[in-house]
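Notes to accompany the following structure.
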Amino acid sequence: MESWNQYIFLLLNASSHPGAITVEAAQFAANWLVVAAALVIAYLWIWGLTLKRSALIAVSVSTVLALGINQLLGLLWFEPRPFIIGLGHTLMNHAPDNSFPSDHATFIWSLGFGLIATRASPRWGWLVALAGIVVAWARIYLGVHFPADMAGSFVVAMASAAVARALVPVAQRRLLPIIEDCYEATLVKLRLTAIMPAKREVGE
């Protein structure tokens, strides 16, 4: 199994003379697509349907839980990063910590699959999930993760999506009123109520 993991890594990892544009694109994807995914959640909260907010909360909570699961898995199984064992080419600075699973891939896939599973926004969910594939490729290409790390992240994210779906009723009853009150109070405090969009109960 490990031989296949390393074999696929070497197929996807950058060559000894990679193209500058490809490297820059990979570095952008590896670092910033996860930020863009988080901004999608913020966008859907502010400009999306109000009745979907409980699902967005459930997705966010399950994503945090998924990252917590990653930490537990890291305690149970240490996988050195490719550059620690001198494999392939490394084109991105990274601490020599545990490689399995990938927090970046887990985060973005948990958000994407969660948006699909909860029906919060399937269209955006698929887009975020596809962006997760790009993130997975980029972090392997740059030499900081193995394919097995991404497979582990995929499994954790799928479990996270199932948890998100189950959490929607709880978020609706217990979390949504509190979070909406805090959100509205923040808008008032920052004097943003006049410029923020009104609540949308139904699609246009």
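The values are calculated or read from the model by the stated rules, or taken from the named source; none is laboratory data. Note that this is a predicted model, so its numbers are computed, not measured. With ideal geometry, Cβ positions are generated from the backbone for all residues, glycine too; neighbour counts draw on all protein chains shown. Ligands, DNA and RNA are excluded from the accessible area calculation, which covers all protein heavy atoms including side chains. Shrake-Rupley method; radii C 1.70, N 1.55, O 1.52, S 1.80 Å.
What's the longest piece of the chain with no exposed trypsin sites (Lys or Arg not before Pro), counting a site as exposed if DSSP puts it in a loop and it has at most 11 other beta carbons within 10 Å? Working shown, then result.
On the way: sites that count: ARG191, LYS199.
For trypsin sites (Lys or Arg not before Pro) (loop position, at most 11 other Cβ atoms within 10 Å), the longest site-free span of the chain is 1-190.
Using a simple spin-label model with points 7 Å from Cα along the Cα→Cβ vector, what separation in nm is obtained for PHE78 and VAL170?
Distance between label points: 3.3 nm.
List every residue whose amide H lies under 5 Å from the amide H of LEU49, counting only residues 5 or more places away in sequence or on a different chain, with H placed 1.01 Å from N in the peptide plane.
none
Using only the alpha-carbon atoms, how far is helix 147-170 inclined from the longest principal axis of the chain? Give it as 0 to 90 degrees, nearest 10.
Computed tilt is about 10 degrees.
To the nearest whole percent, what portion of all C-alpha pairs in the stretch 122-204 is separated by more than 17 angstrom?
Here the long-distance tail beyond 17 Å is 69 percent of all Cα pairs in the stretch 122-204.
Rounded to the nearest 0.05, what FRET efficiency is calculated for ALA95 and ASP181 with R0 set to 30 Å and r the Cβ-Cβ distance?
On the way: r = 39 Å, r/R0 = 1.30.
Computed FRET efficiency for ALA95 and ASP181 comes out at 0.15.
Mind sorting out which of (1) 162; (2) 121; (3) 144 is the real volume of the Cα convex hull per residue in Å³ computed from the coordinates?
Evaluating volume of the Cα convex hull per residue in Å³ on these atoms matches (3).
To the nearest µm²/s, what D does Stokes-Einstein give for the stretch 64-168 at 25 °C and 0.890 mPa s, using the Kirkwood radius over alpha carbon pairs as Rh?
Values: Rh = 13.9 Å.
D = 177 µm²/s.
If you build a Gaussian network model of the chain, linking Cα atoms that sit under 10 Å apart, which residue out of ASN70, ASN93, ASN13 swings the most?
So, out of ASN70, ASN93, ASN13, the one fluctuating most is ASN93.
Order the following by accessible area, largest value first: LEU142, LEU65, LEU11. Probe radius 1.4 Å; ligands, DNA and RNA are ignored.
On the way: LEU142 0, LEU65 95, LEU11 115 Å².
If we order LEU142, LEU65, LEU11 from most to least accessible, we get LEU11, LEU65, LEU142.
Rounded to the nearest whole Å², what accessible area per residue is found for the stretch 68-204 with the 1.4 Å probe? Write out the running numbers ahead of the final one.
Numbers: 7600 Å² over 137 residues.
Per residue, the stretch 68-204 has 55 Å² of solvent-accessible surface.
Using only protein heavy atoms and a 1.4 Å probe, report how much of TRP137 is accessible, in Å² to the nearest 10.
80 Å²
Let me check something: with ligands and nucleic acids excluded, how do GLU2, GLU79 order by accessible area (1.4 Å probe), largest to smallest? Intermediate values should be presented prior to the final figure.
On the way: GLU2 80, GLU79 20 Å².
Largest accessible area first, the residues go GLU2, GLU79.
Divide the volume of the convex hull of the Cα atoms of the stretch 9-89 by its number of residues and quote the answer in cubic angstrom per residue. Let's see the in-between values first.
Numbers: hull volume 9.8 nm³, N = 81.
Given the Cα convex hull of the stretch 9-89, per-residue volume reads 121 Å³.
Top mean-square fluctuation among ILE21, ILE69, ILE108, Gaussian network model of the chain, C-alpha springs under 10 Å?
With Cα springs under 10 Å in the chain, the top fluctuation among ILE21, ILE69, ILE108 is at ILE21.
If you take the Cα Rg of the stretch 50-92 and divide it by 2.2 N^0.38 Å, with N the number of residues, what do you get?
On the way: Rg = 17.1 Å, N = 43, 2.2 N^0.38 = 9.2 Å.
The value comes to 1.86.
Rounded to the nearest 10 Å², what accessible area does VAL64 have for a 1.4 Å probe in the complete protein model?
Approximately 100 Å² of VAL64 is accessible to the 1.4 Å probe.
Can you give me the Cα centroid spacing of the stretch 63-81 and the stretch 157-177 in angstrom?
Each part's Cα centre sits 21 Å from the other's.
Which value, in Å² and to the nearest 10, is the accessible area of ILE195 when all protein chains are kept and the probe is 1.4 Å?
130 Å²
Which order, highest average first, do 153-159, 101-107 follow once you tally other Cβ atoms within 10 Å for each residue and take the mean per peptide?
Numbers: 153-159: 20.9, 101-107: 24.9.
Most protected by this proxy first, the peptides run 101-107, 153-159.
Rounding to the nearest 10 and keeping the result within 0 to 90°, find how far the Cα-based axis of helix 122-141 lies from the longest principal axis of the chain.
20 degrees
With every protein chain kept in the model, how would you rank LEU44, LEU75, LEU130, LEU192 by accessible area, 1.4 Å probe, largest at the top?
LEU75, LEU130, LEU192, LEU44
Taking the stretch 67-110 as the region of interest, what is the percent of Cα-Cα pairs per 10 angstrom bin, listed from the shortest bin to the one with the maximum distance?
26, 51, 23, 0
Of the accessible area of the chain, with the probe set at 1.4 angstrom, what percent is carbon plus sulfur? Before the final figure, lay out the partial values.
Details: 7800 of 11250 Å².
Reported share for carbon and sulfur atoms: 69 percent.
Given a 10 angstrom Cα cut-off, can you work out which residue in GLY48, GLY125, GLY19 is the most mobile in a GNM of the chain?
Residue with maximal mean-square fluctuation among GLY48, GLY125, GLY19: GLY19.
Would you mind computing, in nm to one decimal, how far apart the modelled labels at ILE46 and GLN71 are, each placed 7 Å from Cα along Cα→Cβ?
In this crude label model, ILE46 to GLN71 measures out at 2.9 nm.
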